Amino acid sequence: MTADVETVPAPGVRRPETDVETVPAPEVRRPAAGIPAQPSPPPLETGPRPRPRRARLRRLLPTPTGTPFTFAYAVVLAGTSLFMEFADPDTVSAALRASSTDVTHLAHSPVLVLGASALWIAGGVMSPLVVAFVVVLTALERRTGGLRTAGVFLLGHVLATLATEIPVGLSVMAGHLPQSSLHRLDYGISFGVAASIGALAGLLTPWPRWLVLGGFAAMLIEDLVAFTDPMTNWGHLLALAVGVGTWPLLRRRVPGRSARRG
C-alpha cells in the first residue's frame, strides 16, 4: 500500500500561480543615445501683453501717423512761438495786433482773425498751456480722430471768442465801455484747449471724469474771482461748457475706424 506523498518544491523555487493575471508594465520610451530630450512647449498666453512703460509714455506725445492734426498744429505753434521769441519786437507786436479777435477785427474780417488768433500761444513755449495742449489734444485725437478733435477745438475757440467779444461791442454802443475796448488785444489757444479738456473728460470713466472737470472748473472760477481778466476767464468757462456739450457726438463710434499705430 502506497501513501500519497505531497511534492514540496525545492527551496528557492517559486510555484507558478495560475490564477493571477499578469499585467504588462507600460512601455517607457527613452530618447536615443546622443539625442537630447525635447523640452515641453511653454503655455500659451491668452491675455494681452502689457505695454512697456516707454511705449505708454510715447502715446502721450503726438506723432505724424497716430495724431496728425495735433502733431501738425504743434509744429505750427512751435514756429510762431520761436518767431515771438527771436523776431523784432515791433514786428511781433504788429503781427499779434493783426491777429487779435477784438471787436474791430471781428466786424471787418471775422474768419481771418478767428483763424490767425489760434496760431499763437500767449506766453510762448514756456507757458503751462503748452503741456495741456499736447497731452489733452493727443489723448482726444487718439480716441476720436483728427476731424472730431479739430472740430471740438475750433468750436470752443470760435464760440467762446464770440460770446466774450460781442457783449463788449454792445457795451461800447450803449456807452458802458470806452471806445478803446473795441481794440482789446485778444489771441491764443486757451479757449480751444479748455473745450478739448471738457470733451476729453466725457470719454473717461466716472471718477477721473469728475476729478478733471471739478479741478479745472475750480481753477477757472478762482481766476474769475481774482478779477484779473474777467472777459477771458468767462470765455474759459464757456469753452469748457462747449466741450461738455460735445459728449453725445464724441461717444458715438466711428464706423470702420480702427486703432492706428504711432
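Structure notes:
- Residues that are in contact with a helix residue (DSSP H, G or I) (Cβ under 7 Å, 6 or more places away or on another chain) and either closer than 16 Å to HIS157 by Cα or among the β-branched types (Val, Ile, Thr) (or both) within region 123-138 comprise VAL125, LEU129, ALA132, PHE133, VAL134, VAL136, LEU137, THR138, listed in sequence order.
- Pick from region 81-119, criterion more than 18 Å from VAL172 (Cβ to Cβ) and outside any helix (DSSP H, G or I), ranking: most open to solvent (accessible area, probe 1.4 Å): ASP88
- Residue check for LEU238: buried (at least 16 other Cβ atoms within 10 Å of the Cβ) and at pLDDT below 95: no
- Residues (surrounded by fewer than 16 Cβ atoms within 10 Å (Cβ to Cβ) and touching a residue at least 60 places away in the same chain (Cβ under 8 Å)) located in region 180-195: HIS183, LEU185
- Count of region 180-200 residues which are under 20 Å from ALA150 (Cα atoms) and either part of a helix (DSSP H, G or I) or of a type in the set (A, V, I, L, M) (or both): 12
- For region 210-232, the set of residues classified as open to solvent by 40 Å² or more (accessible area, probe 1.4 Å) and under 24 Å from THR101 (Cβ atoms) consists of MET219, ILE221, ASP223, ALA226, PHE227, THR228, ASP229, MET231, listed by residue number.
- Residue in region 127-136 that is of a type in the set (Phe, Trp, Tyr) and open to solvent by less than 10 Å² (accessible area, probe 1.4 Å) present: yes
- Single match in LEU159, LEU249, LEU203, LEU177 (criterion: closer than 18 Å to LEU137 by Cβ, open to solvent by 20 Å² or more (accessible area, probe 1.4 Å) and assigned to a loop (DSSP other than H, G, I, E, B)): LEU203
The values are calculated or read from the model by the stated rules, or taken from the named source; none is laboratory data. Since the model is a prediction, treat every value here as computed from it, not as a measurement. With ideal geometry, Cβ positions are generated from the backbone for all residues, glycine too; neighbour counts draw on all protein chains shown. When the accessible area is computed, the model is the full protein with side chains, heavy atoms only, and any ligands, DNA or RNA have been set aside. Shrake-Rupley method; radii C 1.70, N 1.55, O 1.52, S 1.80 Å.
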